[in-house]
Amino acid sequence: MLQIPVWKRVLILGLVAIGLLFAMPNLFYERVERHNDAVAEVERAGFETPEQAAARAGWPDWLPSNLVNLGLDLRGGAHLLGEVHVADVYRSRMNALWPDLREALARERDVIGAVRRAPGPPDQLHVEIGEPSQMARAVEIARGLATPVASLSGAGSSDLAITASGSTLIVGLSEAERAATDDRTIQQSLEIVRRRVDEVGTREPTIQRQGADRILIQVPGIGSAEELKALIGTTARLTFHPVVGQGTDANARPGPGNIIVPSLEQPGVFYTLTEAPVVSGEELTDARPSFDQNGQPAVEFRFNPTGARRFGAYTAANVGQLFAIVLDNQVISAPVIRDAIPGGQGQISGAMTVDESNRLAVLLRAGALPAQMTFLEERTIGPELGQDSINAGALATVVATVLVVGYIVASYGLFGVFASIAVIVNVILILSVMSMNGATLTLPGIAGIVLTVGTAVDANVIIYERIREELRAGKRVVAAIDDGFNEAMSAIIDANVTTFIAALVMFFLGSGPVKGFAVTLVIGIVTSVFTAIYLTRLMIVFWLQRRRPATLEL
């Protein structure tokens, strides 16, 4: 076992060198982080500012730039607990259903009479018909618009609950559809929040569902909870509406099927728009910051084929009419349609800065939140608290390493030095693997590293004790060392496999601190076996070839 071929020696030393190279950026954490953020911003925006160029130059592009992501408890950041207003989706569903229902009922006008939408709860459609005696026919028409519930729990059920009261047809969502809608709304909100957070370059956020309608959001590196709320709380809902009228009275009655929306750039001006949009931001496929023909910041957008077809058909049929672009319930522009726009591409321009155009593009790419979110709990963890945790964890790691090294050197002499070098390399390899995989280091993760430092020498202790037994049996130095490694191998593998299984269970089934601890423990087990069996053995082989000792005091 002490006959190590040249290729194996090169491989062992090469892996150690690669580990040192990938762990090195963590010594220059802030500089590399600024470099990475600048690269991400340039990729998103498509152009580079002088500040970004300076940040990129702070770290060579040819060197590794992956960092160990620091968790919220180490880096500081923002914590939010949001409640999703799922009832907003019910109202949107009813508003979207109304044009189709009105058209279907209008085709039977000769039978059921005139139809109009009556006031009612936001989550229901109340429709009055001219011939109450034909209500059964109206109910039948409405049921023709129903579809099966798209969920396993509600499979086979209708998505609409349709009833009648006198001359009023009442349409709402069924209980099965409400349950399915609630679940879809939370899942969609989770995905959109995650995409928005990821778009701005933050790393390893915690975004997960809590209870029926709440979302937990923890983002390291964000300056404050207000900053995170500004990013997540903005709905960035983009819609395109036909313009019915324009005026200065905010309290004017818009009429059925219409809404009154204020102008963003013209204070005191209000537009009356059809409530149902022609196209919406959900049909956007891309949005990028750019500049308009006057050199002012703007945002270019592109629709998917369905949105492009509807956008093109409407603009072709309404040349000369006003067409309002509404963002977050404000008309940001109401241009006159000059020509048909068949390509599904357009531009939003106005009084905005480069940063605002970047942020708007991010929000539009991420999509609109399906429902409003109210933040029930918000907390900011300052960077100084995170730095205190890092300092405490680093001190614990150093103290543990010093004590372990002192004990192992006192017990085994020169071989203890070899084991100590392996322990230090092991910690470096843990950091390099975490950097390459983008893993997150938390305070429990530091505890896992400290534990790994304490247990990393177990394999060396087993090997050295076996070597001592072989020396006591009268074997020569080389034979004793070779047999010691061979005999200890099975015990080392068994001990680490059982610990590895336990660590994997914690990783896949645990969450929060438990998972953070398991991450470093899993990686530490693998790297400690490598350093104890291969690196320590290689150092001993180099020493034997150089010194060729006749006796060994161990």
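We did not get these values from a lab; they are worked out from the coordinates using the rules stated. Given the structure is predicted, the values throughout are model-derived calculations rather than measurements. As a convention, Cβ positions derive from the backbone with ideal geometry for all residues, glycine included, and neighbour counts pool all protein chains shown.
Rounded to the nearest 20 debye, the dipole magnitude of the chain is 1400 debye, with +1 charges on Lys and Arg beta carbons, -1 on Asp and Glu beta carbons, and the Cα centre as origin.
Angle of helix 536-547 to the longest C-alpha principal axis of the chain, folded into 0 to 90 degrees and rounded to 10: 30°. Packing-based ranking of 170-177, 17-24 yields 170-177, 17-24, ordered from highest to lowest mean Cβ neighbour count within 10 Å. Summing Lys and Arg as +1 and Asp and Glu as -1 over all other residues whose Cβ lies under 15 Å from the Cβ of ALA146 gives a net charge of -2. Grab the other residues whose beta carbon is less than 15 angstrom from that of VAL244, score K and R as +1, D and E as -1, and report the net. Net local charge, VAL244 excluded: -1. By DSSP, the beta bridges lying fully in region 237-347 are antiparallel in about 95 percent of cases. Each other residue within a Cβ distance under 11 Å of ARG116 adds +1 if Lys or Arg and -1 if Asp or Glu, for a net charge of +1. Just report the Cα centroid separation between region 1-36 and region 522-554, whole Å. Each part's Cα centre sits 18 Å from the other's. The relative contact order of the chain comes to 17 percent, based on Cα pairs under 8 Å that sit 6 or more residues apart. Relative intensity of region 237-347 on a log10 scale, I(q)/I(0) at q = 0.18 Å⁻¹, equals -0.93, per a Debye sum over C-alpha point scatterers of equal strength in the absence of solvent. Fraction of C-alpha pairs exceeding 18 angstrom in region 87-180: 42 percent, rounded to a whole number.
Considering only ILE492, PRO297, VAL149, whose Cα is most displaced toward the positive end of the charge dipole of the chain, charges sitting on Cβ of Lys, Arg (+1) and Asp, Glu (-1)? With unit charges placed on the Cβ atoms, the residue in question is ILE492. The list [x] 43; [y] 50; [z] 32 gives values of percent of Cα pairs over 38 Å apart, and only one came from this structure; which label was calculated from it? Identified label for the calculated read-out: [y].
Classify region 98-148: rounded, prolate or oblate, from the alpha-carbon gyration tensor (a ≥ b ≥ c, eigenvalue square roots; a/c under 1.5 rounded; otherwise prolate if a/b is larger than b/c)? Verdict is oblate for region 98-148. Relative to the longest principal axis of the Cα atoms of the chain, helix 443-456 runs at roughly 20 degrees. Between 0 and 90 degrees, the angle of helix 305-317 with respect to the longest Cα principal axis of the chain falls at about 30 degrees.
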